[in-house]
Amino acid sequence: MAANLARLAVSAQEAESPCRIKEGHTIEAEFLLGRRKFTTMATIRASCSDCGDVELTTQDVQVRICDDNNQGTYSFRCPHCRMTVVKPAETRTIDLLVASGVSFTTWRLPAELNEAHSGEPISHDDLLDFHHLMHDDSKLTAALAEFING
């Protein structure tokens, strides 16, 4: 009966992604054979920066795709060190992961990126000045009065 399962293997080299799925990725199709239903879950090999190569199931991996620029990432919690690993992924890798049953969510870039900005960007010194201003009530009151009056 195992011969009746269709298998599709895609190697990491074919995926051409900076975030490698190590030593290939296997997707197995599901068939009804008589009264029995045979299903298998894809095994995904990914790399944790601390632990090296790890094996995951489709339930262990999540994909996020940006609606605005179609860039995507995949993430997983390393089964050894329990750290969350997030890696950028090419479209082919995203398609492969989603086709194998990995859940995905979409998101949008913040609208503030499209706003017109005037003036110079806020510097670290500006932030420090603001922090000190917030802790000095007399300076804060004077700054607010100047802003309101003038």
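Largest first and in whole Å, give the semi-axes of the stretch 73-150's equivalent ellipsoid, each being the square root of 5 times a Cα gyration tensor eigenvalue.
Working: eigenvalues 430, 72, 23 Å².
Calculated on Cα positions only, the semi-axes equal 46, 19, 11 Å.
Derived scalar couplings between HN and Hα for the stretch 137-147 equal 4, 5, 5, 5, 4, 5, 5, 5, 5, 5, 5 Hz in order, rounded to whole Hz, by the Karplus curve 6.51 cos²θ - 1.76 cosθ + 1.60 (θ = phi - 60°), x for Gly and Pro.
A short reminder: the numbers here are calculations on the coordinates, not readings from a lab. Every value quoted in this text rests on a predicted model; they were computed, and no experiment measured them.
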